[in-house]
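What follows is one structure encoded as C-alpha cells, with my remarks underneath.
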Amino acid sequence: MGTFRRLPRFPHMAPDVLAPHQALLLDLDGTIIDIALRPEAVIVPDGLATTLAQLRDALGGAMAVLTGRSLPEVDRLIGDAASAVAAEHGAVVRWPDGAVTQSTLALARRDEWLGEFVAAAGRWPGVLIEAKTQSLVAHYRQAPQYGTNVVRLAEWLAATDPDGAEILRARKAVELRPRGVSKGAALRRLMDAEPFAGRQPVFVGDDVTDEDAIAAARELGGVGLHVGRDFAGSPAAVRAWLATSARMLAGRAEAAATAHA
C-alpha cells in the first residue's frame, strides 16, 4: 500500500498526502473553490486546474469531481482537468471515456415546481432559482431572511410527491431532487469503473450534501475528508494539500523512472 507522508503545513489536522494507489474524488464549491454570494460569481484560483490535471495524470486518470453543479458549469470552471464528472449530485455522469449518462430518476412535477419557485422568488428579493437537468435549487445566500420561507416551500412541494422527490439542504440553499440520487451512489458507481476500480477512494467535501459520499468512501475502505473537520474549514488548505500531493506524486514517479533507467 506504500508509505504515507504527512504535510508540513497545518500539521495539527492535515491528512496524509495522496498515494499512487488511490483515486481522488472532489466536491467543488466550498471544497476547492471558495463560495461566492452567487454560484456564477465564484473565482477559480490560478493554477487550480493545472494541479488537478497533474493529479489526474499521476493517479492514472482516477480523478473525478462530484458536484451539485451542472456539467457545462464544471467544464466552464475547470475544463477537462477531471477525467470523470458526477454532476447534479450524480444525476448526470460523464465517464472517463467521454460518455454521458443521465439518471432515469426524474422529478415528475419539475416544471410545475419550477413555476412555484419562480413565483415565490418574485416575492423574496435576493432569492435565486436554479433549474438543473434533474433538479431545482433555491439559493438564499443573498437573502437569508427568507431562508425559512424557502425551506417551507420546498418541503411543501416535496410532500406532494414523497415517493419521487426529496429535499437536500445545503448552506443557504435547498434543492429538490429525485429520490435516490446522491453523491454517495455516484461515488460507488465510479469506483466500479476503470480507472477507479481496485483503487482506494479519497473523497473531500464540505457540506451536508457531501456526507453520503464521505461515508461511501469510508465504507469502501477509503478516506472521507470534510473541509470543516479536516482542513480547518479552508478551501485554501485543501488546495495546498492537493498541490503538495501533486508535487510528491511527481517526485515519486521521477525517482522510480530514474531507478529503472
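The values are calculated or read from the model by the stated rules, or taken from the named source; none is laboratory data. Please read all numbers here as calculations on a predicted model, not as lab measurements. Here the Cβ is made from the backbone with ideal geometry for all residues, glycine too, and neighbour counts use every protein chain on show. With ligands, DNA and RNA removed, areas are computed over all heavy atoms of the protein, side chains included. Shrake-Rupley method; radii C 1.70, N 1.55, O 1.52, S 1.80 Å.
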Report the accessible area of H89, computed with a 1.4 Å probe over the heavy atoms of all protein chains in place, in Å² rounded to the nearest 10.
10
Assuming a ≥ b ≥ c are the square roots of the Cα gyration tensor eigenvalues, decide whether the range 78-202 counts as rounded (a/c under 1.5), prolate (otherwise, with a/b larger than b/c) or oblate.
prolate
Dimensionless Rg ratio for the range 129-261, taking C-alpha atoms and the 2.2 N^0.38 Å reference
1.37
What's the local net charge at G233, with K and R +1, D and E -1, over the other residues with C-beta under 13 Å away?
-2
Looks like the range 181-251, by Cα gyration tensor root eigenvalues a ≥ b ≥ c and the a/c under 1.5 rounded cutoff (else prolate when a/b is bigger than b/c, oblate otherwise), is oblate
Identify, among A173, W113, V127, the residue whose Cα sits farthest towards the positive end of the charge dipole of the range 92-223, taking +1 on the Cβ of Lys and Arg and -1 on the Cβ of Asp and Glu, with the dipole about the Cα centre.
V127
Cα-projected label distance for T101 with E155, points at 7 Å along beta-carbon direction, nm:
3.6
Nearest-20 debye value, the chain charge dipole, Cβ charges on Lys, Arg, Asp, Glu
520
When only the heavy atoms of the protein chains count and the probe is 1.4 Å, how do I43, I78 rank by accessible area, highest first?
I43, I78
Over the range 150-261, with neighbouring protein chains present, the accessible area per residue in Å² at probe 1.4 Å is 44
In nm, to one decimal, how far is the modelled label at Q142 from the one at L37, with both set 7 Å along Cα→Cβ?
0.7
Can you tell me the orientation of helix 48-58 relative to the chain, as the angle in degrees between its alpha-carbon axis and the longest Cα principal axis, to the nearest 10?
50
When only Cα pairs under 8 Å and 6 or more residues apart are kept, what is the percent relative contact order across the range 64-212?
20
Taking 7 Å along the Cα-to-C-beta vector as the label spot, tell me the D163-A250 distance in nanometres, rounded to one decimal.
5.5
Plugging the Cβ-Cβ distance of R218 and D46 into 1/(1 + (r/R0)^6) at R0 = 45 Å yields, to the nearest 0.05, a FRET efficiency of 0.85
Take the alpha carbon gyration tensor of the range 9-86, find the square roots of its eigenvalues, order them as a ≥ b ≥ c, and report rounded if a/c is under 1.5; if not, report prolate when a/b exceeds b/c, else oblate.
oblate
For the chain, how big is the tail of P(r) above 30 Å, as a whole percent of Cα pairs?
29
Relative to the first principal axis of the alpha-carbon coordinates of the chain, what is the inclination of helix 110-123, with its axis defined by its Cα atoms, in degrees from 0 to 90 and to the nearest 10?
80
Tell me, what is the Rg over Rh of the range 138-215, with Rh the Kirkwood radius over Cα pairs?
1.09
Any chance you could run the full-extension gain for R76 through L114? It's 0.36 nm times the residue separation minus the Cα-Cα distance, nm to one decimal.
11.2 nm
Note to self: C-alpha centroids of the range 136-183 and the range 82-107 sit apart, in Å, by 21
